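Inspection log for the structure reproduced underneath, given as structure tokens.
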Amino acid sequence: MKEKRGDMIPTPIKRTLNPFSIALTYTLLGGFWVFFSEPFLINLIIDPEWLKRAKLINSWGFIVVSAHILYLLIRRHEIEIDRHQDSMHRVIRALMVFRGCNKVITHDRVEQDILKKVCRTVVKVGGYRMAWVGFALQDERKSIQAVAYWGHEDGYLDTVQATWDESERGQGPAGTTIRTGLTTVIQHIPTDPRFRLWREEAIRHGYQSAIALPLREAKDTFGALVILADEADAFNSEEISLLEELAEDLSFGIKTSRGEAAREKGQKDLTVLVAVIEQATEGVLIFDAEGICQYGNPAIEKICEISTQKMIGQSIHNLECYKRNLNFYQAVEATIQTGEVHSGIYANHKKDGTEYMVAATISPVWGLTESGSSFVASVRDITLELQLEEQLRTAQKMEAIATLSAGIAHDFNNILAAIITNTEMSLEDVEGQDDLRENLEIVLKAGLRGKNLVKQIKTLGQQTTQERQPVHLDLVIQECLELLRASLPTTIEIKRHIVPNLGVVPADPTQLHQVILNLCTNAADAMRLDGGILEVSLHAIEIRAGQNSSPELQPGNYQKLTIRDTGHGMTREIMERIFDPFFTTKELGKGTGLGLSVVHSIIKSHNGSISVNSSLGQGTAFEIYLPQIYCVETPEEEAVAPLPSTGNECILLVDDEEDLAQGGKKILERLGYQVIAETDPRKALKRFTTDPSRFDLLITDQTMPHLTGEMLALEVLKIRAGLPIILCSGLGSTPQTKSAGERARALGVREFLAKPFERKELSAMIRRLLNHPQGAGTIH
């Protein structure tokens, strides 16, 4: 803060009169009067008597004139003294304001506090009526914003609305000062034209004079300090000089306060930035051009498994993790040498040899005084992220297979239905022809295997939950192992580690059989040449929040099934594709590549998870988690009474596939029924409309041109309500087809039959409907 103490002392007023000059003037006047007046009277008046009288009058005249002159001299002297005292008062007042404001500027650091206290000091100490500080805004109107004030009465500032442009509102003291950068003084507000817009309000508030002092930063004027007084001619030259210096010091104080605030904000931002880096999950490593580590945050400690205390001050070549993560540190060295940014994904290794993947960016730290003197590496562990991406890709592949399976299932099942139907009839016709019968049985078995294969494909596409029931997983495991034991060579030993009384899991037992048999069969294939141990274990486990290594599992109680073998194992590349549809490592013709895809789909549909761990030559282990419940009730099985399989009723059979229509007609006729077969649903509806009472039962396919099975059934029921109807579908038995069957039953369809079906299944359903025409029916 600059301070000119010599300028603070008021300049003395030059005096023209003092006691000596008054006495001298009086003596000269008296001597002049005496010296010249008496000779003049003697020469003028001859009569002694009149001369005597004239001298007396002359003496009184001298007394009167000299008294008036003495009065005028003394009065003038008093006026000069009063003027001097008033000037001294004004200067002392300004000096007190100057010193008080400088004290505020020196001790306070907050800009708003400085401005408010300066205004208060100007009013309280200086005796002025009001003081306010206005800052120039860079808006369209070039407005002036009052940021601090004291002595603000009755909302005067609210009426000012001053600007610093060239308009009339910019001609006031504040606007003129900001625009010109010079002090503006208005000594008489009632008559000064520059105050015309605000004169009425100013006079009402008692303001008679005003001064506006510029607030500058370098050469730019950013605001004004405005002081209003309640007397005219309130500001003389000495006072104006001191107030201008006050404005300079206030400008300096504002600049200092803003700089201090900026430094404090910078320090706070730096503190926050350091805290953010310290708390970040992304590792940060800073090193110099020599490769010496300068900083590492806690995340880099966790990722690299080395403390920052051992890291800081050490060359990257000397770090314990350098050799384990060579590719990453070679990228660091390349950045140091070339100054170029390197980004990539690197396979690193922990102390125990476990591989983990990191995404890292290594770059120079820009903006330093010495370009490229420091470098930073940001490292993020993306192991879990990549695992989730792989799971997503697997799920997307499953979705693609689901779309494919939905498209081919209908046509494939129709083909299988024709093969199975005609093969069953042919077997009846070849009694005594063993060779031919054996060939037909092979065809029938192949058809049934195809049926099961379609079910496996459809399992991939099942997006809804299967009907579940409480299942004792340990019993399912026991049944599967007993079934396997007979087919496994004696070189394979089976070990069981089953914890008893674990409770149950909500599941489809058939699908669980499929999962366990598939995994155990694969394990046996891996040990078939050299033998080994097939180990199956089951125990309960609780997964808590934050302690879950399998991100798709919710916290809760699970049963963990582990199927482990000591076979040849597999490479990482194979393990990454193990659940891909149609991927197989078996020889051509020995595997479809659907087994593990189906297993994966089944476990996911049961809200569980499956993972595999394997190393080449070290065997393979599959780990399955299934949600556990403690309900042990099992649904009661309904007793089904044997039904006759033959009859003589009339059946209308509709299927757009010619082979299925004719094959179905022959099967039903062999069972004794009268059958009318149609491949066009429109012709079938016309035939039914002609003689509705002729038919006892309608069997129709669902997917047909012109009229679907549901549409045909609806039209038939309009004509003859209550007619038993069987709706068939080539989509197979899935939750979707069951849902479609429920919808069809709501329309009046009594039974739903999934293709391909066997003759005994169809005949039993027909008799059930015909024997109980009002039965509700079931979904098949």
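Each reported figure results from applying straightforward, stated rules to the coordinates on display, with no laboratory input. Since we're looking at a predicted model, the values are computed, not measured. When we count neighbours, we look across all protein chains shown, and the Cβ atoms used for this are built from the backbone with ideal geometry, even at glycine.
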> Among 263-274, 45-56, what's the highest-first ranking by average C-beta atoms within 10 angstrom per residue?
Replying inline: 45-56, 263-274
>> What are the ³J(HN,Hα) couplings of segment 531-543, residue after residue, when phi is run through the Karplus curve with 6.51, -1.76, 1.60 and θ = phi - 60°? Round to Hz, x for glycine and proline.
In response: x, x, 10, 9, 10, 10, 10, 9, 8, 8, 8, 9, 9
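If packing is taken as the mean number of other Cβ atoms within 10 Å per residue, what is the order of 170-179, 555-564, 224-233, highest first?
So the order, starting with the most tightly packed, is 170-179, 224-233, 555-564.
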>> Sort 318-330, 206-218 by the packing proxy (mean of other Cβ within 10 Å over each peptide's residues), most packed first.
In response: 206-218, 318-330
> Which loop chymotrypsin sites (Phe, Trp or Tyr not before Pro) in segment 219-269, with loop taken from DSSP, have no more than 14 other Cβ atoms within 10 angstrom of their Cβ?
Replying inline: none
